[in-house]
Amino acid sequence: MPTPSDATASPEVERLRRRLADSLAAGGLLNDPAWDRAVQAVPRHRFVPGFYAENGCNADGLTVWEPVTASTDRERWLREVYRDQTLITQFDADEPRWDRPAPRVGGAPTSSSTLPSLVLRMWLDADLRDGHNVLEIGTGTGYSTALACERLGDNGDVTSVEVDKDRLAQAADALYGCGYYPDLAVADGLYGYWPSAPFDRIVAACSVRAVPAPWLAQAKPGGKILTTLSGWLYGYARVLLTVSDAHTAEGPLLDGTISFMAARTHERPDPGNPGHWASLTSDAPPRPVRHSPHRLDEATGEGFFGRFLAQLAAPNAQLLTGGGDVLHLVDVTTGATATLVPDRVHGHLVRQAGPARLWDAVEAAWDAWDLAGRPGPQAFRMRVRDGRQSITHVGANELTFFLP
């Protein structure tokens, strides 16, 4: 049975790679000939020896994940690898044995091969140029790293760090096997990588709750940091910061509904049993909500950003589901809770307890956002000043949030 390496130069692979490049070009992402050449040159299948596809649920309702590799179904493997889609490659930080593929049941994805359009969009937004010294946070499969190496060639330096040693080992084999030689290291990217600093560009292939201070310290004056901001409500927004010095940076939020897996130490902590949180009640009577909690689940670009603003307003909150459409907004750091119960007249009633009024904070943010006309992310700017990080929109009404 053919393996990824011996399929690289086949006419079938060339056709699939060209088709992927055509789809990215149709989306307006390959206007730069250098990036067009990079997409056509890098064999994505060499970086994805296998991935997991959903295959129904078991008797307990857990998702069954079927491995797809060159040995299990070569045609499907190649076809899916060269589509513009994200492919899950790891669960629960457990590196799979693709030479012995086996199904998985349940689990939390901890690594993936990000869809090529997003990988390319990140590099384009970061504005890589010849001569740049670049730090990539999160090597993953190595496909994104390969694109940057192909684009810069001998006219720049690429360093990529990955917290998972097994993941990096697989990426290194693929990169070196394809003739790319970036500086690779097993390291926690939240601390950057001092041996290769200072950097012209720092690009994170993971999301963070706030921009780590070492990134600012390791960026050159005028250098740029591109990262995705996330949190425990699973709201996301990308930001492109221009660094002034080791303590100061500023830049816009970028448009689009993009999400990345969180840096592992920025993942939300396990909140425990929703029923236990429901027992934390206040003596104050419940009140009708002004905004439906279902705004947190709106499947639109505007709703996606509204969730991010709710997260900024209650940065340590998590959303738990109870029985009968009951929702719990809980803060494991303070013990604050808001329980939202369906009501025929008002839609929902909310009862809050603890040192903070979580739902009050969310509704106040949405009130101000609505009053301002629901501006999109591109109307907001992030500022970092001496360790304090804020996101602000200034218009008819001022909206300012501080990151944790």
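The values are calculated or read from the model by the stated rules, or taken from the named source; none is laboratory data. Values in this document were obtained by computation on a predicted structure and should not be read as measured data. No Cβ is skipped: glycine too gets one built from the backbone with ideal geometry, and neighbour counts run over all protein chains shown. Protein only, heavy atoms only, side chains kept; ligands, DNA and RNA dropped before computing areas. Shrake-Rupley method; radii C 1.70, N 1.55, O 1.52, S 1.80 Å.
Restricting region 172-202 to residues that are touching a residue at least 60 places away in the same chain (Cβ under 8 Å) and touching a Phe, Trp or Tyr at 6+ places or on another chain (Cβ under 7 Å) leaves a set whose member that is farthest from Ser144 (Cα to Cα) is Ile202. Condition check: among the aliphatic types (A, V, I, L, M) and either open to solvent by 40 Å² or more (accessible area, probe 1.4 Å) or modelled with pLDDT under 95 (or both). Does Ala204 satisfy that? Answer is no for this residue.
Within region 180-197, identify whether any single residue is closer than 29 Å to Ile391 by Cα, at pLDDT 95 or above, surrounded by fewer than 21 Cβ atoms within 10 Å (Cβ to Cβ) and more than 19 Å from the chain's Cα centre (by Cα), and answer yes or no. Within region 180-197, one or more residues are closer than 29 Å to Ile391 by Cα, at pLDDT 95 or above, surrounded by fewer than 21 Cβ atoms within 10 Å (Cβ to Cβ) and more than 19 Å from the chain's Cα centre (by Cα).
Residues checked against (1) buried (at least 16 other Cβ atoms within 10 Å of the Cβ); (2) touching an Asp or Glu at 6+ places or on another chain (Cβ under 6 Å); (3) more than 18 Å from Val13 (Cα to Cα); (4) not charged (D, E, K, R):
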{"position": "Asn31", "(1), (2), (3), (4)": "no, no, yes, yes"}
{"position": "Trp35", "(1), (2), (3), (4)": "yes, no, yes, yes"}
{"position": "Pro43", "(1), (2), (3), (4)": "yes, no, no, yes"}
{"position": "Val48", "(1), (2), (3), (4)": "yes, no, no, yes"}
{"position": "Cys57", "(1), (2), (3), (4)": "no, no, yes, yes"}
{"position": "Arg74", "(1), (2), (3), (4)": "yes, no, no, no"}
{"position": "Glu80", "(1), (2), (3), (4)": "yes, no, no, no"}
{"position": "Gln90", "(1), (2), (3), (4)": "yes, no, yes, yes"}
{"position": "Ser111", "(1), (2), (3), (4)": "yes, no, yes, yes"}
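Only one of the listed residues (Pro252, Pro271, Pro286) is within 26 Å of Pro109 (Cβ to Cβ) and crowded, with 16+ Cβ neighbours inside 10 Å. That residue is Pro271.
Would region 13-33 turn up any residue that is closer than 25 Å to Gly156 by Cα, part of a helix (DSSP H, G or I), among the hydroxyl-bearing types (Ser, Thr, Tyr) and modelled with pLDDT of 95 or more? No, the conditions are met nowhere in region 13-33.
Within region 305-313, not a single residue is surrounded by fewer than 17 Cβ atoms within 10 Å (Cβ to Cβ) and not in a loop (DSSP other than H, G, I, E, B). Summed over region 255-267, residues that are among the polar types (S, T, N, Q) and open to solvent by less than 50 Å² (accessible area, probe 1.4 Å) total 0.
Entry remark, region 320-329: residues being farther than 11 Å from Trp359 by Cβ and in contact (Cβ under 8 Å) with a residue 40 or more places away in the chain number 4 in total.
Taken together, the residues in region 139-169 that are over 21 Å from Asp32 (Cβ atoms) and either in contact with a Leu (Cβ under 7 Å, 6 or more places away or on another chain) or touching a residue at least 24 places away in the same chain (Cβ under 8 Å) (or both) amount to 13. Does region 224-238 include one or more residues that are out of contact with any Ser or Thr (no Cβ under 7 Å at 6 or more places or on another chain), surrounded by 17 or more Cβ atoms within 10 Å (Cβ to Cβ), farther than 20 Å from Thr392 by Cα and free of Cβ contacts under 8 Å to residues at least 40 places away in the same chain? Checking region 224-238: not a single residue is out of contact with any Ser or Thr (no Cβ under 7 Å at 6 or more places or on another chain), surrounded by 17 or more Cβ atoms within 10 Å (Cβ to Cβ), farther than 20 Å from Thr392 by Cα and free of Cβ contacts under 8 Å to residues at least 40 places away in the same chain.
The rows are residues; the columns are (1) closer than 12 Å to Leu329 by Cα; (2) at pLDDT 95 or above.
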residue	(1), (2)
His276	no, no
Ser282	no, no
Pro285	no, no
His291	no, yes
His294	no, no
Thr300	no, no
Leu309	no, yes
Ala314	yes, yes
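Of the residues making up region 34-92, those that are within 22 Å of the chain's Cα centre (by Cα), among the aliphatic types (A, V, I, L, M) and assigned to a helix (DSSP H, G or I) number 2. For Ser244, all conditions in the list (1) within 23 Å of Val134 (Cα to Cα); (2) open to solvent by less than 20 Å² (accessible area, probe 1.4 Å) hold save one; what is the number of the exception? For Ser244, the failing item is (2). Restricting region 320-336 to residues that are part of a strand (DSSP E or B) and not charged (D, E, K, R), the residue that is most open to solvent (accessible area, probe 1.4 Å) is Thr321. Answer yes if at least one residue in region 115-132 is in a strand (DSSP E or B) and touching a residue at least 12 places away in the same chain (Cβ under 8 Å), and no otherwise. Within region 115-132 (the criterion being in a strand (DSSP E or B) and touching a residue at least 12 places away in the same chain (Cβ under 8 Å)), the answer is no, since none of the residues qualifies. Summed over region 353-368, residues that are within 25 Å of His276 (Cβ to Cβ) and open to solvent by 20 Å² or more (accessible area, probe 1.4 Å) total 6.
Conditions (1) free of Cβ contacts under 8 Å to residues at least 60 places away in the same chain; (2) open to solvent by less than 20 Å² (accessible area, probe 1.4 Å), marked per residue:
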residue: Gln318; (1), (2): no, yes
residue: Ala338; (1), (2): yes, yes
residue: Val345; (1), (2): yes, no
residue: Pro377; (1), (2): no, yes
residue: Gly395; (1), (2): yes, no
residue: Glu398; (1), (2): yes, no
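Just so you know, in region 139-167 the residues that are among the small types (Gly, Ala, Ser) and assigned to a helix (DSSP H, G or I) include one that is most open to solvent (accessible area, probe 1.4 Å), and it is Ser144. Using the structure shown, decide if Glu136 is in a helix (DSSP H, G or I), within 25 Å of Gly27 (Cβ to Cβ) and in contact (Cβ under 8 Å) with a residue 40 or more places away in the chain. The answer is no for Glu136.
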